[in-house]
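Read the figures in this text as sums done on the coordinates, not as results from a lab. This one's a predicted model, so the numbers in the text were calculated from it and none came from an experiment. Here the Cβ positions follow ideal geometry from the backbone for every residue, glycine too, while neighbour counts run over all protein chains shown.
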Amino acid sequence: MADGSDLLGLERARGAARVALGPDGKLLRLGQQGSAKAFLPRVHGPVPEVVFLNTSGGLTGGDRLSFAVDLAPGVSALATTQTAERAYASAGGEARVTVDLSLGAGATLDWLPQETILFDRSALSRRTTADLGPGARLMLAEAVVLGRAAMGERVAQTTLCDWREVRREGRPVFLEPLRLTRATLGAGPACLGPHRAVATLALVADGAEDALGPVRDLLSTLAEVEAAASGWDGRLIVRLMAADAFPLKRAMAAVVMATGRALPRVWQI
Amino acid sequence: MADATALLTLAQWLSPAFPVGGYAYSHGLEWAIAEGRVKDAEGLRAWLEGVLAEGSGRTDAILLVQALTVDPAEISELARALAPSRERLLETMEQGAAFSATTNALTGADWPAMPLPVAVGAAARSLEATPEEIAALYLQAFAGNLVQAGVRFLPLGQTEGQKVLAALRPLILRLAAEAAGASPSDLGSGALASDLAAMQHETMDVRIFRT
């Protein structure tokens, strides 16, 4: 569907999907309600892959969606979404999404959802919260795209509150509340500048900053993106901006691989 | 309204002469100037407007107001987690530590090293001034410091620099008023190019500023 107008008259969507993996890395619990689904495709890689899906086809005002991943101590997994999430124009109210990630001691999760596409007049409030036990390792990748440049879409108005919080043993260690409004879109060179696609990759793990050198070497070779990295105290943060989704996602994929990780099979680069 | 003692105290604490070393930090502006992203008075005003309204200015004002009433240790933790890069953390921690050390010596308080806006909020608890007034003075000091960085490295005279700062006054007043009524859940930033600039600064070959 080319835009969200045909969704506006529909009933508001509700969905919740929760996946728990036990100590053996096998599925322990799977909860699915409404428009939210989760599945574990058979993979040949070393870690299980969890794929979430919002079957409502996109988000609009009043929608409620939640995804959750719960990893037992020591378990490694990769989790993603089947498609880009689309936030369509809201006829009233905001769409609310929560993502809860829980990592037991020594667990490893790569949370690599596909990009979120914001359409004109969309209103989305998303809260991604990760709780890490001692020694747990999390990679978080979030990409937000304002319209689809290739389709000639221009976003003049949006309200995005995209709260990303990582806590270790209950204490906040990484907090990035991305806030985009009509004012941000017009706020000039310190904000988006000419870019319409932005991403953050955050690796929160003991020694995460050790990957800074190789990641910086990689970033210096990337075309069509502005990107930089910083690392300190168990954190490696990479920020990327581009004119459109494709070069951004291609660069994100390269960064993920440069840290020795696998890409979700559903990512189409 | 702030009483005269509070006004003079805040003017002292937030003066460029107060020994927090603000002149050493450009908040990524040095990179933006080196790259030609900020070239003149108009460019500097636009850059600072974004940093204030959509980035660290707004965030710091909210953190400062919270530290006036909420346990500063809790707000410090939030402020540290919000640091978008290593140098941004350094900038706020070093200045905050120096600010607490100096105000402790002046007031007899015993605040630990905390991020700058939290340190200012904690110290200002004893003053007869409104949260809005304290936040406005803080934001003006923050903007004034970056204007000075611009004056030093752009073809920009002192008077032009002061005009840029004066032009930011309505924005500063609006942000201070909003911060006074905000809660931690209102925190949020969209000054992404500024955050990226702060990261790019870390790898500049020749640099005058620490950030």
Here the equivalent ellipsoid of the protein assembly as shown, derived from its Cα gyration tensor, has semi-axes (largest first, whole Å) of 38, 24, 22
Let's test this: bin the Cα-Cα distances of region A:156-212 at 5 Å from zero up to the farthest pair and state each bin's percent. 4, 14, 21, 19, 14, 13, 10, 4, 0
DSSP-assigned coil residues among trypsin sites (Lys or Arg not before Pro) in region B:98-195, each with at most 13 further Cβ atoms within 10 Å: B:125
Residues of B:43-52, mean number of Cβ from any other protein chain within 10 Å of their own Cβ, rounded to a whole number? 4
In what sequence do B:7, B:165, A:21 fall when counting other Cβ within 10 Å, fewest first? B:7, B:165, A:21
Once the in-chain neighbours fewer than 8 apart are removed, the aspartates and glutamates whose Cα is under 12 Å from residue B:39 read B:30
10 Å Cβ neighbours from other chains, averaged over peptide A:170-178: 5
Fewest to most Cβ atoms within 10 Å: A:195, B:201, B:27 sort as A:195, B:201, B:27
The residues A:122, B:183, B:76, sorted from fewest to most surrounding Cβ atoms within 10 Å, come out as B:183, B:76, A:122
Under 10 Å, Cα contacts only: if you run a Gaussian network model on chain A, which one of A:173, A:225, A:51 comes out with the highest mean-square fluctuation? A:173
Quick one: what do you get for region A:14-258 if you divide its Cα Rg by 2.2 N^0.38 Å? 0.98
Please compute the contact order of region B:11-167 in relative form: average sequence separation of alpha-carbon pairs under 8 Å and at least six residues apart, divided by the residue count, as a percent. 34
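How big is the shadow of the Cα convex hull of region B:26-201, averaged over all directions, in nm²? Please list the in-between numbers first.
On the way: hull surface 37.6 nm².
Reported value for the Cα convex hull: 9.4 nm².
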Could I get the Rg over Rh figure for region A:1-120? Both from C-alpha atoms, Rh via Kirkwood, rounded to two places. 1.03
Partner chain coverage, peptide B:80-91 - average Cβ within 10 angstrom: 5
Distance in Å, no decimals, from the C-alpha centre of region B:1-73 to the one of region B:143-204 is 6
Using the C-alpha atoms of region B:34-96, what convex hull volume per residue, in cubic angstrom, is computed? 103
